[in-house]
1. Quick check: anything in the stretch 94-111 of a type outside the set (A, V, I, L, M, F, W, C), assigned to a helix (DSSP H, G or I) and under 16 Å from the mean Cα position of the chain (by Cα)?
2. Hey, any hits in the stretch 150-163 for a residue that's in the same structural domain as residue 108 (by TED's automatic domain parsing), of a type outside the set (A, V, I, L, M, F, W, C), modelled with pLDDT of 85 or more and within 24 Å of residue 36 (Cα to Cα)?
3. State whether one or more residues within the stretch 69-86 are within 18 Å of the chain's Cα centre (by Cα), in a helix (DSSP H, G or I) and without any contact (Cβ under 8 Å) to a residue 12 or more places away in the chain.
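The values are calculated or read from the model by the stated rules, or taken from the named source; none is laboratory data. The model shown is predicted, which means the values in this text are computed figures rather than measured ones. Neighbour counts are summed over all protein chains in view; Cβ atoms, including those assigned to glycine, are modelled from backbone coordinates with ideal geometry.
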Amino acid sequence: MEGIASRLSKPVQLRRDAKPRPRSEAKRARIVEVAIRHFANRGYSAARVEDIAAQLGIAKGSVFQHFKSKDGLFFEAYKKAVLSFPKYLDVPPELRQRGFFEVLRYWLARSEHMVHDNLASYQIYLVGNYGTDLALRKEINRFLVAEDPYGWREFVNFGIQRGDLRADLDVDMMGSILEWTMDRFQDALLTEELDPGLFRKSGSVPEQKEARIEQFIELLRRAIGSDKAQLAVRNS
């Protein structure tokens, strides 16, 4: 005869292996949506889980049941925000035909639209990159490397296949350099509107912004552009 302990253990195993119920997933999604607005408006440190729970009309413990901690909740909010951004190759086909550096120029010129079209998500992105502690930042970095939400690997391979980028450099290293420099430069462009002085002492007129974008593109072209790409610029 099967023992009592053995019989009692089976339902627990089934519950643990079962998929989350739709109602639970919907509640989790609502919590993340409200958390995005709270973290965007208040930053990481000032945002309070109890305020998020109060707005939803649920207990604070219910939030922790889903996300374990404030760090866990912010991490889910950050992931949802970042995954809402377009990838680098999400551009019109005719623009892709113009090549790697033209696609970069396109996104840099449209930087301000990221603020207007998706302000809360961009603010979460800034908080995650510059306003969290080392432990949380490590989790964010692991996510960015594993998921590649902006499509850097595909974009770099696109540039190599077109002959726009040097083929003698390691693809992952080239992608990392591009990601670091593009993120920081684009942050500087975007935060002129959100927080003037965060990246430099004063703002700039549109003509100066355009000139900086051209200088930045030229700098990247000289560093990682193929001989073919650099020759085409000299002949244009």
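1. Scanning the stretch 94-111 turns up at least one residue that is of a type outside the set (A, V, I, L, M, F, W, C), assigned to a helix (DSSP H, G or I) and under 16 Å from the mean Cα position of the chain (by Cα).
2. Yes: the stretch 150-163 contains one or more residues that are in the same structural domain as residue 108 (by TED's automatic domain parsing), of a type outside the set (A, V, I, L, M, F, W, C), modelled with pLDDT of 85 or more and within 24 Å of residue 36 (Cα to Cα).
3. Within the stretch 69-86, one or more residues are within 18 Å of the chain's Cα centre (by Cα), in a helix (DSSP H, G or I) and without any contact (Cβ under 8 Å) to a residue 12 or more places away in the chain.
Quick grid of which residues meet (1) in a helix (DSSP H, G or I); (2) modelled with pLDDT of 90 or more; (3) closer than 25 Å to residue 82 by Cβ; (4) among the hydrophobic types (A, V, I, L, M, F, W, C):
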| position | (1), (2), (3), (4) |
| --- | --- |
| 180 | yes, no, yes, yes |
| 183 | yes, no, yes, no |
| 192 | yes, no, yes, no |
| 204 | no, no, no, no |
| 208 | yes, no, no, no |
| 214 | yes, yes, no, no |
| 220 | yes, yes, yes, yes |
| 223 | yes, yes, no, yes |
